[in-house]
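Notes to accompany the following structure.
The values are calculated or read from the model by the stated rules, or taken from the named source; none is laboratory data. What you see is a predicted model, and the numbers here were worked out from it, not measured in a lab. Using ideal geometry, Cβ is built from the backbone for each residue, glycine included, and neighbour counts are taken over all protein chains shown.
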Amino acid sequence: MNAGLQIVAVGQGEPKHIVRYCHKIVPGVDCLVRDDTTAYRAYGIHRAGFKDFISLDMAKAGFRAALGGNIQGETTGDTAMKPATFIVGIDGLIQYTYYSAHPGDHPQIEDLLNVARQLKA
């Protein structure tokens, strides 16, 4: 990547899906997958509850995604697992953590870029 960063997407599913879809959906990103939630549990990532799925914030996130042309396709794995985002320094230490409040919650790209810029400085 131009910014001198390596992006890795970690998810739950079957390896055959990564081989088939990763580089089509997110070119230039390395994708890692397991068929269980071991990695999620290791980093304290939790499942969404019923209230998370019916919350106003989740509805807003889904609406924004749909307006942007991002429609959820078929999913695999535990669809109730909440996302999380980590930025890891070259020393292997986690420099930034974002635990999503609900499945449609993601950090602001500008926040991620600011952390990346600080790490490069």
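Numbers at a glance
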read-out: Looking only at region 94-121, and only at residues there that are among the hydrophobic types (A, V, I, L, M, F, W, C) and more than 28 Å from ALA48 (Cβ to Cβ), the one that is surrounded by the fewest Cβ atoms within 10 Å (Cβ to Cβ); value: ALA121
read-out: Residue match in region 49-61 (condition: surrounded by fewer than 15 Cβ atoms within 10 Å (Cβ to Cβ), modelled with pLDDT of 80 or more, in contact with an Asp or Glu (Cβ under 7 Å, 6 or more places away or on another chain) and not in a helix (DSSP H, G or I)); value: no
read-out: Tally, over region 65-82, of residues that are in contact (Cβ under 8 Å) with a residue 24 or more places away in the chain and either of a type in the set (Lys, Arg) or farther than 20 Å from GLN108 by Cα (or both); value: 6
read-out: Check on ASP78, charged (D, E, K, R), surrounded by 15 or more Cβ atoms within 10 Å (Cβ to Cβ), on the phi < 0 side of the Ramachandran plot and not in a strand (DSSP E or B); value: no
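Rundown of residues vs (1) within 23 Å of LEU113 (Cβ to Cβ); (2) surrounded by 11 or more Cβ atoms within 10 Å (Cβ to Cβ); (3) not hydroxyl-bearing (Ser, Thr, Tyr), yes/no style:
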{"residue": "GLN6", "(1), (2), (3)": "yes, yes, yes"}
{"residue": "ALA9", "(1), (2), (3)": "yes, yes, yes"}
{"residue": "GLN12", "(1), (2), (3)": "no, yes, yes"}
{"residue": "ARG20", "(1), (2), (3)": "no, yes, yes"}
{"residue": "ILE25", "(1), (2), (3)": "yes, yes, yes"}
{"residue": "LEU32", "(1), (2), (3)": "yes, yes, yes"}
{"residue": "ALA65", "(1), (2), (3)": "yes, yes, yes"}
{"residue": "ILE71", "(1), (2), (3)": "no, no, yes"}
{"residue": "GLY92", "(1), (2), (3)": "yes, no, yes"}
